Amino acid sequence: MIYTTYFAKLKSLPDDITPVSICRKSPIWYRGLEYKKLAPTYEILTEYKRNPNETRYISRYNREILAALNADKVYKELTELTANHSFAIVCYEKPSDFCHRHLAAEWLKRHGYECAEFSGGVIFGCFETA
C-alpha cells in the first residue's frame with residue numbers, strides 16, 4: 001500500500017509506514033528519505049506561484065514529470081528505498097489543498113498501485129484529479 005501525507009502529520013504516521021519526501025526541497029528539520037523524481041521542477045513551481053492555474057500545473061506535471069517516468073520502476077525504486085516497508089509519499093500541503101502528491105498518487109493508482117491519504121491516524125481514499 002502506498003500512502004500520501006504531509007509534513008505536519010508525520011508524527012501521527014505509524015512506525016511501519018516509512019515517509020518519503022517527494023519535494024524539491026524538504027523542510028530543514030526533515031532527515032528522512034527523499035525521492036526527487038516525483039518532485040515538480042523549479043519552473044513548474046515558479047509558474048504556479050506567479051499564476052496559480054491548477055489545470056496548467058497538472059498538464060505540465062503530467063507531461064514533464066510523470067510522462068518521463070515508468071510507474072513500475074518508480075514503485076520498485078520506492079520499495080527498495082524503504083527496504084520493502086509500506087511508505088508514504090510526503091509534501092507540504094494539507095489533504096484538502098491542491099498538491100502534486102495527489103497527482104503522483106493518482107498516476108500510481110492508474111498503473112495498478114493502491115494508495116490512500118493518511119492524515120492524523122485516518123486513512124482516506126486518494127484524491128481524484130482532473
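Data for the structure
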quantity: Segment 31-47: number of residues that are over 18 Å from Thr79 (Cβ atoms) and open to solvent by 20 Å² or more (accessible area, probe 1.4 Å); calculated: 7
quantity: Among the candidates Tyr48, Tyr61, Tyr75, residue that is under 20 Å from Ala116 (Cβ atoms) and either outside any loop (DSSP other than H, G, I, E, B) or hydrophobic (A, V, I, L, M, F, W, C) (or both); calculated: Tyr75
quantity: Residue check, Pro19 modelled with pLDDT of 95 or more, in contact with a helix residue (DSSP H, G or I) (Cβ under 6 Å, 6 or more places away or on another chain), part of a loop (DSSP other than H, G, I, E, B) and surrounded by 20 or more Cβ atoms within 10 Å (Cβ to Cβ); calculated: no
quantity: Leading residue by the ranking (modelled with the highest pLDDT) among those in segment 118-130 that are among the β-branched types (Val, Ile, Thr) and open to solvent by 60 Å² or more (accessible area, probe 1.4 Å); calculated: Ile123
quantity: Positions within segment 78-117 being assigned to a strand (DSSP E or B) and either within 15 Å of Glu34 (Cβ to Cβ) or open to solvent by less than 10 Å² (accessible area, probe 1.4 Å) (or both), in sequence order; calculated: Phe87, Ala88, Ile89, Val90, Cys91, Ala116, Glu117
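Okay, residues lined up against (1) of a type outside the set (S, T, N, Q); (2) at pLDDT 95 or above; (3) within 14 Å of the chain's Cα centre (by Cα); (4) open to solvent by 20 Å² or more (accessible area, probe 1.4 Å):
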residue: Met1; (1), (2), (3), (4): yes, no, yes, yes
residue: Leu13; (1), (2), (3), (4): yes, no, no, no
residue: Trp29; (1), (2), (3), (4): yes, yes, no, yes
residue: Tyr57; (1), (2), (3), (4): yes, yes, no, no
residue: Arg63; (1), (2), (3), (4): yes, yes, no, yes
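The values are calculated or read from the model by the stated rules, or taken from the named source; none is laboratory data. Model, not experiment: these values are computed from the prediction. Note that we place each Cβ from the backbone using ideal geometry, even for glycine, and neighbour counts take in every protein chain shown. Surface accessibility is based on the protein's heavy atoms, side chains included, excluding ligands, DNA and RNA. Shrake-Rupley method; radii C 1.70, N 1.55, O 1.52, S 1.80 Å.
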